Amino acid sequence: MVPPYVKQTWTVLGVLINMLGQGMLLSYSSSLIPALQAPDSDIPIDIHMSSWIASCIGIAGFPGFLVSSLLMDLKGRKMAHAIVMIPGTIGWLLIYFASDVRTIIIGRLLGGLTASATVCLGAVVIGEFSSPTNRGVFLNMKTVAVCLGNTIIHILGYFLHWRTIALLGVVPLAIALSIVMTWPESPAWLASKKRFEESEKSFLWLRGDSETSRREFDELIRAQKERMSEIPLNLTMKTRITGFFKKFTRRDFIKPLIIIIFSATLLETCGRHIFPAYALQIIAEVTGNKLNSFYYTLSIDIIITASAMLSSILVKLLKRRTLLFATAFPAIIVLFCACLYLFLAAQGVISTTRTWIPIMLFVMYFILANLGCTPIPLALLGEVFPLAHRGSGSLMSGFALSLLLMFALQVTPYLLVSVKVYGTFAFFGTLMGISLIVLHFILPETKDKTLQEIEDYFNNGKFKENLNDDEAGKKMLNNEKVYKV
């Protein structure tokens, strides 16, 4: 008999391989743009067009998140995941056959649609398919997969033509799609559609038939039936639209959304996407040596990937809040030290020959940032929204992520030209600090909590105590609330 954690790992593997492909997409501009800007390029571009090629994947995020949020509610998590990977595959093929900039941008837009559609959907799948004890590690492994995709692109970009790389970008999507087709459907989605027998079968297949899993499933069904009892039987289109906008007045929708917005701001301003996209240009400016920038970039890629893997171990040992704030605030301090050094070197106050100093500072920064600033926001996407708001919450989160991603990728090339690397990272570092301060006050601890417990927290402002039946009975007899802060 196959153990539940093996089944969960196989299911999550489909998400992770897809995320590796999205890491390749995000970093592809670091190989594509220099090649197109080269004097012998058959498709020449300028700085304005290069910024659009890099940032257009953010624009595609709007339809991507809309499509995924609709599909995950209407067709289920499995079918939605399979459908939204098709545009990305077509996008890579368009780039491979492109003869002009317009075709490249269309290909990038299609790739961005798949990337945006699967970032929240993948987090929801991991959250619903995995047990609370495994969920944190699996969600963190999304970051590892993206980092590995970044590294692969930077290596391939050194040895292969940009068209060949685009063709290879199809491979992880094809593998991921074949795994997705073997999935069961999400137990939570089946329960939301009143398919309780199918939900139980899927849940026990994923989690095993233990007392703990039975208790978690019973709690899921109980909460879902209570929610259904509050919903009118015949919903008109007007009622559905009114219900959507009423979500913006509900505590269990607004607070998770605010957490996600500031988490997304932290994710984008920590350099998670701007560094892979402009890595060679950034390192070339810091070192003053374009010839060795590849080796510096590759070294940093390996370190970033290793730190993301370490984070997947630490998230099993430490609380989410502890891991985030214990690494993020030191990361900002190190980042500003690097910016100060580069500024003083640019002004001629200190020598410019010791390039190893800013490089080491950036290495320290990316290690710290990838321990908390990158994985924790991505993990929260699969945890904080209640089941009733998971589709619409993913939609609104997606819009926020798309705007922030487009903003970061669009302004970075202009910042690099006008205020150099030190000014660029000082600007983003300031926004990081603001986001962290806000999150310090509003972010709950979700480690080892079931999704139902997290949902109860946003409804009641408190977490349920983990009581056995005798303890719960005593509290009920004494008219005590079974909640704690």
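The values are calculated or read from the model by the stated rules, or taken from the named source; none is laboratory data. Since this is a predicted model, take the numbers as computed values, not measurements. No Cβ is skipped: glycine too gets one built from the backbone with ideal geometry, and neighbour counts run over all protein chains shown. SASA here: full protein model, heavy atoms, side chains in, ligands and nucleic acids out. Shrake-Rupley method; radii C 1.70, N 1.55, O 1.52, S 1.80 Å.
Results, tabulated for the structure shown:
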item: Paramagnetic label zone (point 7 Å from Cα along Cα-to-C-beta, ASN459; backbone N under 19 Å) in segment 387-413; result: 387-394
item: Rounded to 10°, Cα long-axis angle of helix 451-460 versus longest principal axis of the chain; result: 80 degrees
item: Kirkwood-Stokes translational diffusion coefficient of the chain, alpha-carbon pairs, 20 °C, 1.002 mPa s, µm²/s; result: 92 µm²/s
item: Listed residue pairs exceeding 19 Å between alpha carbons, taken from LYS319/LYS462; LYS7/LYS447; LYS142/LYS255; LYS142/LYS194; result: LYS7/LYS447; LYS142/LYS255; LYS142/LYS194
item: Solvent-accessible area of TRP205 with every protein chain in place, 1.4 Å probe, in Å² to the nearest 10; result: 100 Å²
item: The chain, accessible surface, carbon-and-sulfur percent (1.4 angstrom probe); result: 67 percent
item: Full-extension gain in nm, ALA38 to GLN410, via 0.36 nm per residue minus C-alpha separation; result: 131.8 nm
item: Cysteines without a disulfide-compatible neighbour (Cβ-Cβ under 4.7 Å), the chain; result: CYS56, CYS120, CYS147, CYS337, CYS339
item: Tensor-based shape of segment 111-198 (alpha-carbon gyration tensor, a/c under 1.5 rounded, otherwise prolate or oblate); result: prolate
item: Tensor-based shape of segment 363-468 (alpha-carbon gyration tensor, a/c under 1.5 rounded, otherwise prolate or oblate); result: prolate
item: Cβ-derived FRET efficiency at R0 41 Å, ILE86 paired with ILE47, nearest 0.05; result: 0.80
item: Per residue value of the accessible surface for segment 317-423 (all protein chains in place, 1.4 Å probe), Å²; result: 37 Å²
item: Relative contact order (%) - criterion: Cα under 8 Å, at least six apart; region: the chain; result: 24 percent
item: Trypsin sites (Lys or Arg not before Pro) within segment 1-86, DSSP loop, no more than 16 other Cβ atoms inside 10 Å; result: LYS75
item: Alpha-carbon centroids, segment 373-437 and segment 1-40: separation in whole Å; result: 19 Å
item: Sites ILE437 and THR212 - FRET efficiency at Förster radius 35 Å, r taken between beta-carbons, to 0.05; result: 0.40
item: Contour minus Cα-Cα distance for LEU344 and LEU204 (0.36 nm per residue); result: 44.3 nm
item: Nitroxide proxy distance, nm - points 7 Å out along Cα→Cβ at VAL2 and LEU160; result: 3.0 nm
item: Cα long-axis angle, helix 61-74 against the chain (0 to 90 degrees, to the nearest 10); result: 20 degrees
item: Rounded tilt (10° steps) of 251-269 against the dominant C-alpha axis of the chain; result: 20 degrees
